[in-house]
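Trainee: Got a structure for you, questions after.
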Amino acid sequence: MIRESGNGEEFNRQRFILLLALTLGVGTGLGEVALFAAQTHILHRFIFVGRDIVWMAPLAEIIVFGGVGIVLVALQAITRWPLGMPSAGILGFLSFLALLMMYTPLHKGAAIVLALGLAVQFVRLAGKHSERFVHLVQRASWVLLAIALMLGTVSRGSRWMQERQTIAALPSARPGAPNILLIILDTARALELSAYGYDRPTTPALEQFARSSVRFDWAFSNAPWTLPSHASLFTGRFPHELSAGWLTALDGQYPTLAETLARDGYRTSGFVGNTLYCDTEKGLDRGFEHWEDYTFSNGELFRSSVLIRELTGKRWARQPFNSYQLLGRKSAADVNRDFLQWVDGVHGRPFFSFLNYFDAHAPYLPDSTNTRLFATPGLTQSYDSWARYRGKPDTDTLIPDWVQDNRDRYDAMLRQIDNELGRLFAELERRGVLENTIVIVSADHGEQFGEHAIMGHGNSLYLPVLHVPLFIRYPRSVPQGATVKQPVSLRDLSATIEDLAGRTGDPLPGRSLARYWRKSSIPAGEQDTLLMEVDYNPRLPKGAPIDRGSMRAVVMDSLHYILNGDQKEELYQFSEDPAERHDIAGTPSAAPAVARHRAALRVVSPDARNIP
């Protein structure tokens, strides 16, 4: 392929190795982009990458392949061995392996063997036509770079143009319309917040915020995981009415809060930390003129490489460095910074902004200060700490020290979020924005730490994953320091926001929660039946209630009724038994209550097939 005959060779081997690395790097990245596009637009699958993948994947692979090329050149310089052909084989193997890894049904071992075979054929073919191959590599490098640059320019430029056009087309806003700030603390369970009586100081800033807002003691999410919970919140619809699920995005069948507010002249923006299920791909950005999910960072750049993403997902690669952080993870501080930069550019119009903080989601990796603040003395770590990253222990037995270690770290993350909330409120106060802003702080779902022998979320409908914080502050019409003790649903938040903002006509479904502080009491007949749902997902860890099939639950009369996939019924008096240790469904005295809840479930969730 390349003449290997000393200093007088026709083409510099080392230069060619680097040029080949560049060409295969950008070519592999563009191949990944093409496969991502096929998965999205043809197979309609989630790919869990951002829109900037069109230029970040080529750039990431240039760095990866370029690094390998530099190592190969260094080896050649040190050893003086003729590494031209072997180098082509190594680089070709990496290229084939990266593309084969994207076909998830293919076993990783089979992908390696197949990539090796293709690399051998690649070297043989290149060797037979060496002169043509050299010229092809030289020309292809610039063509492929130009394509990657064009794709990146079009992707970024089209979004910028669309945002400008959306702003220009906004109608006039109602004079005096308030700003709206919706903050979701992803995976924050109310049971763990000092603002709700928890005995550790996890949320002092929220405690202070509560003094000027209404606190809801029993707010329930409609789903125990991110996508359907947010979709329900944004549309006012129950999860079973929506397309949003484990493998399907929120479609355009029903209007969202952002769409209705944009029609009223609001500037709209979203800044999210949860890029797994809160990004553009999942449909939650509909109606927002400006949406920031995946943003450029070193971590995000490197996870754009299939090879790096696969490598960093391996236990043996992470464990020696005690490294468990998600590449490209955005902190609450990052979200606040981006939001404040955006809001400083909003002039003459009210805004609706949605912030999603992902810090409390596993893996729990607090800073050293908060780690010390919440550490339990004397914990033994005799088990594999990789389990912390995966969100479950390696065995079926929940080790008490392991569970407590998770809770300590989770509490520390809640305190870090709370610190950022305090800073955000101070900045908004300094800007003079807060007094004319409806501020809502809540969570999309909670988390389980050994309750019912379960960890994590999305796998049951017990109280720890459904009971979430909810605070509403608006000095003009919301009483300060008030408390609502009746159970409420996040599904009603959109209707509440529209009510407080003075919006009339074409309302979203649900009923405004303002009725709970505008009336001295709510008669039992006017209290809603709260519905919570989670669909079966075979990919979740085994051993949780969701293994038995899709689940439904209703809250009514201070009772929490759960219908499992195998038709087993459970009933808990959650206000008196918040740990839900005592299932009263089988007791004779609870039979009438079980029947009432079963009948209520038939009304609010007619699609539930397993109702007895």
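Trainee: Cβ contacts < 6 Å: first residue under 11 Å from LEU379 (Cα atoms), restricted to region 400-414; second residue among the aromatic types (Phe, Trp, Tyr) and part of a helix (DSSP H, G or I), any location; separation 6+ or different chain. Result?
Mentor: So the pair list comes out as ASP408/PHE374.
Trainee: Is it the case that some residue within region 101-109 is open to solvent by 20 Å² or more (accessible area, probe 1.4 Å), part of a helix (DSSP H, G or I), under 17 Å from GLY29 (Cα atoms) and not basic (Lys, Arg)?
Mentor: Checked region 101-109: at least one residue is open to solvent by 20 Å² or more (accessible area, probe 1.4 Å), part of a helix (DSSP H, G or I), under 17 Å from GLY29 (Cα atoms) and not basic (Lys, Arg).
Trainee: Then there's this: Enumerate the strands (runs of 3 or more DSSP E) found wholly within region 526-612, keeping only those where 2 or more residues are in contact (Cβ under 8 Å) with a residue 60 or more places away in the chain and open to solvent by less than 60 Å² (accessible area, probe 1.4 Å).
Mentor: Per the criteria, 530-534, 551-556, 559-563.
Trainee: Still on this structure, I have one more. Can you tell me which residues in region 25-56 are crowded, with 19+ Cβ neighbours inside 10 Å and among the charged types (D, E, K, R)?
Mentor: Correct list: GLU32, ASP52.
Trainee: Let me ask you something else. May I ask you to verify whether GLU435 is modelled with pLDDT of 95 or more and under 26 Å from PHE351 (Cβ atoms)?
Mentor: It is false that GLU435 is modelled with pLDDT of 95 or more and under 26 Å from PHE351 (Cβ atoms).
Trainee: Residues that are among the hydrophobic types (A, V, I, L, M, F, W, C), part of a helix (DSSP H, G or I) and touching a Leu at 6+ places or on another chain (Cβ under 6 Å): does region 119-129 have at least one?
Mentor: no
Trainee: Condition test on TYR277, is it assigned to a loop (DSSP other than H, G, I, E, B), buried (at least 20 other Cβ atoms within 10 Å of the Cβ), of a type outside the set (A, V, I, L, M) and at pLDDT below 90?
Mentor: no
Trainee: Could you list, in sequence order, the residues of region 43-61 that are assigned to a helix (DSSP H, G or I) and either in contact with a Leu (Cβ under 7 Å, 6 or more places away or on another chain) or not aliphatic (A, V, I, L, M) (or both)? Reasoning before the result, please.
Mentor: Of all residues in region 43-61, those assigned to a helix (DSSP H, G or I) come to 53-61.
Across region 43-61, the qualifying residues are VAL54, TRP55, MET56, PRO58, LEU59, ALA60, GLU61.
Trainee: With GLU259, GLU289 as the choices, which residue is surrounded by fewer than 20 Cβ atoms within 10 Å (Cβ to Cβ), within 23 Å of ASP338 (Cβ to Cβ) and touching a residue at least 24 places away in the same chain (Cβ under 8 Å)?
Mentor: Checking each option against the conditions leaves just GLU259.
Trainee: When the residues of region 399-413 are filtered to those that are touching a strand residue (DSSP E or B) at 6+ places or on another chain (Cβ under 8 Å) and either among the basic types (Lys, Arg) or at pLDDT 95 or above (or both), which remaining residue is surrounded by the fewest Cβ atoms within 10 Å (Cβ to Cβ)? Even if it seems obvious, please write down each step before you answer.
Mentor: First, pick out the residues of region 399-413 that are touching a strand residue (DSSP E or B) at 6+ places or on another chain (Cβ under 8 Å): 403, 406-407, 410.
Still in the running and either among the basic types (Lys, Arg) or at pLDDT 95 or above (or both): 407, 410.
Details: ARG407: 18, TYR410: 23.
Looking at the filtered set, the residue picked out is ARG407.
Trainee: Restricting attention to region 327-377, report how many residues are among the β-branched types (Val, Ile, Thr) and in contact with a Gly (Cβ under 7 Å, 6 or more places away or on another chain).
Mentor: Total satisfying the criteria: 1.
For (1) in contact with a His (Cβ under 8 Å, 6 or more places away or on another chain); (2) among the polar types (S, T, N, Q); (3) open to solvent by less than 50 Å² (accessible area, probe 1.4 Å); (4) under 29 Å from GLY422 (Cβ atoms), each residue gets a yes or a no:
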residue: ALA210; (1), (2), (3), (4): no, no, yes, yes
residue: TRP218; (1), (2), (3), (4): yes, no, yes, yes
residue: PRO224; (1), (2), (3), (4): yes, no, yes, yes
residue: THR235; (1), (2), (3), (4): no, yes, yes, no
residue: PRO239; (1), (2), (3), (4): no, no, yes, no
residue: TRP246; (1), (2), (3), (4): no, no, yes, no
residue: ASP251; (1), (2), (3), (4): no, no, no, no
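Trainee: Right, here's the next one. Here is a check on your reading of the model: is LYS519 open to solvent by 60 Å² or more (accessible area, probe 1.4 Å) and either more than 26 Å from VAL214 (Cβ to Cβ) or at pLDDT 90 or above (or both)?
Mentor: no
Trainee: Testing TRP342 on (1) open to solvent by less than 50 Å² (accessible area, probe 1.4 Å); (2) out of contact with any helix residue (DSSP H, G or I) (no Cβ under 9 Å at 6 or more places or on another chain); (3) at positive phi, one condition comes back false. Which one is that?
Mentor: Single failed check for TRP342: (3).
Trainee: From LEU75, LEU83, LEU22, LEU59, which residue is open to solvent by 40 Å² or more (accessible area, probe 1.4 Å) and modelled with pLDDT under 90? Write out each step before concluding.
Mentor: Working: LEU83 fails: open to solvent by 40 Å² or more (accessible area, probe 1.4 Å); LEU22 fails: modelled with pLDDT under 90; LEU59 fails: modelled with pLDDT under 90.
Answer to the selection: LEU75.
Trainee: Ok, one more. If you go through region 463-480, how many residues are surrounded by fewer than 23 Cβ atoms within 10 Å (Cβ to Cβ), modelled with pLDDT of 95 or more and either under 16 Å from PHE220 (Cβ atoms) or among the small types (Gly, Ala, Ser) (or both)?
Mentor: Total meeting the criteria: 1.
The values are calculated or read from the model by the stated rules, or taken from the named source; none is laboratory data. Computed from a predicted structure; not experimentally measured. A quick note on method: Cβ atoms are made from the backbone with ideal geometry, for glycine too, and the neighbour counts reach across all protein chains shown. Each accessible area value is taken on the protein alone, full model and side chains, heavy atoms only, with ligands, DNA and RNA left out. Shrake-Rupley method; radii C 1.70, N 1.55, O 1.52, S 1.80 Å.
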